[in-house]
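Heads up: the structure comes next, in structure tokens.
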Amino acid sequence: MSEPAAATPKTPHVGRREAKALRRTALLRAAASLFAEHGFTGVSMEDLGMAVGMSGPAVYRHFPSKQAVLAALLIDVSQDLLDGGAAEVDRAPDSELALRALVGFHVAFALDRRDVIRVQDHDLDSLTPEDSRTVRTLQRRYVERWVDVLSDLHPGTPTPQLRIRAHAGFGLINSTPHSAALRADREDTLERQAVRTTLEQMALAALLAR
């Protein structure tokens, strides 16, 4: 007697809303990679669709234009930075640990999202004025979380000087896309950990210096 056929494994059900969200995320990741490599003007909607196995016209079901893709990419990441930074500060028991948490958080972001940093550097001016204001407002609010922590660690230092210090820390950390030839999908390698440790130590030294 023949063996019974093996049961076909069931595929987890994904609702329409979840599937749409997954496709949107895939498109934004592809956009970050393509914009970083070719520049915003060098990528078409057809290129974005091909990168995720979708036709060009199908991309328009998720974004009305290529500019809307760029806006979503930069606004989403700016909101993620603000939310993540606020969570790190709220969890920390004191200001020095809050600063260390912020540095670790931002270094992880710089290592994981190097493509987005390149896009921000090169293509921020391609946003509409309204979207540019949204991105800059979110990023200013993120900077102010750092300034609030630094003000506790450097009492009496004028706020503009604390902002300069915070931006200097960002500049050091965000240099990663231009100096560290790491693949974002390589987690916990010795090389990655060495880069992370170096960036954290240098940023903290600059931010805590009296």
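The values are calculated or read from the model by the stated rules, or taken from the named source; none is laboratory data. This one's a predicted model, so the numbers in the text were calculated from it and none came from an experiment. Positions of Cβ are generated from backbone atoms using ideal geometry, with glycine treated the same way; all protein chains shown enter the neighbour counts. Surface areas here come from the heavy atoms of the whole protein model, side chains and all, with no ligands, DNA or RNA. Shrake-Rupley method; radii C 1.70, N 1.55, O 1.52, S 1.80 Å.
For the chain, which DSSP H helices look membrane-span-like by this rule: Cα extent along the axis of 18 Å or more and mean Kyte-Doolittle of at least -0.5? Display every interim value, and only then the final one.
On the way: long enough: 16-38 (32 Å, -0.33); 66-91 (38 Å, 0.41); 95-112 (25 Å, 1.14); 129-153 (36 Å, -0.88); 159-173 (21 Å, 0.28); 190-208 (27 Å, 0.42).
Helices passing the filter in the chain: 16-38, 66-91, 95-112, 159-173, 190-208.
Determine the gain in length on full extension of the stretch Gln79-Arg140; use 0.36 nm per residue of separation and subtract their C-alpha separation, reporting nm with one decimal. Kindly include the intermediate steps, with their values, before the conclusion.
Values: separation 61, 0.36 × 61 = 21.96 nm, distance 1.10 nm.
This chain segment gains 20.9 nm when fully extended.
With the dipole of the chain worked out from charges on the C-beta (+1 for Lys and Arg, -1 for Asp and Glu) around the Cα centre, which of Leu124, His154, Leu99 lies farthest toward the positive end?
Leu124
Lys/Arg Cβ at +1, Asp/Glu Cβ at -1, dipole of the chain taken about the Cα centre: which of Ala36, Thr176, Gly56 is farthest positive-ward?
Highest projection toward the positive end goes to Gly56.
Could you work out which residue, out of Ala101, Ala92, Ala31, moves most in a Gaussian network model of the chain, that is, has the largest mean-square fluctuation with Cα springs under 10 Å?
Largest GNM mean-square fluctuation: Ala92.
Per residue, how much accessible area does the range 80-210 have with a 1.4 Å probe, in Å²? Present the calculation step by step, with values, prior to reporting the outcome.
On the way: 7070 Å² over 131 residues.
Value returned for the range 80-210: 54 Å² of accessible area per residue.
Quick one: compute a quarter of the convex hull surface over the Cα atoms of the range 27-116 and quote it in nm². Spell out each step's value before the answer.
Details: hull surface 25.0 nm².
Directional mean of the projected Cα hull area for the range 27-116 stands at 6.2 nm².
So, with a 1.4 angstrom probe, what is the percent of accessible area on the chain that is carbon and sulfur? Could the numbers behind the result be given before it?
On the way: 6510 of 12300 Å².
Heavy-atom surface of the chain belonging to carbon and sulfur, 1.4 Å probe: 53 percent.
Can you give me the three principal axis dimensions of the chain from its C-alpha atoms, in Å, biggest first?
Reported extents, whole Å, longest axis first: 81, 52, 31.
Could you give the length gained on full extension between Ala194 and Ala87, defined as 0.36 nm per residue of separation minus the Cα-Cα distance, in nm? Mind showing how you got there, number by number?
Numbers: separation 107, 0.36 × 107 = 38.52 nm, distance 2.56 nm.
Extra length available between Ala194 and Ala87 comes to 36.0 nm.
Can you give me the relative contact order of the chain as a percent, contacts being Cα pairs under 8 Å and 6 or more apart? If you can, show how the numbers build up before the last one.
Numbers: 180 pairs, mean separation 43.9, N = 210.
Computed over the chain, the figure is 21 percent.
What does the convex hull of the Cα atoms of the range 11-69 come to per residue, in Å³, rounded to a whole number?
Values: hull volume 4.7 nm³, N = 59.
Considering the Cα atoms of the range 11-69, their hull volume per residue is 79 Å³.
What translational diffusion coefficient, in µm²/s and rounded to a whole number, does the Stokes-Einstein relation yield for the range 71-187 at 25 °C and a viscosity of 0.890 mPa s, taking the hydrodynamic radius as the Kirkwood radius over Cα pairs? Working shown, then result.
On the way: Rh = 15.0 Å.
Once the numbers are plugged in, D ends up at 164 µm²/s.
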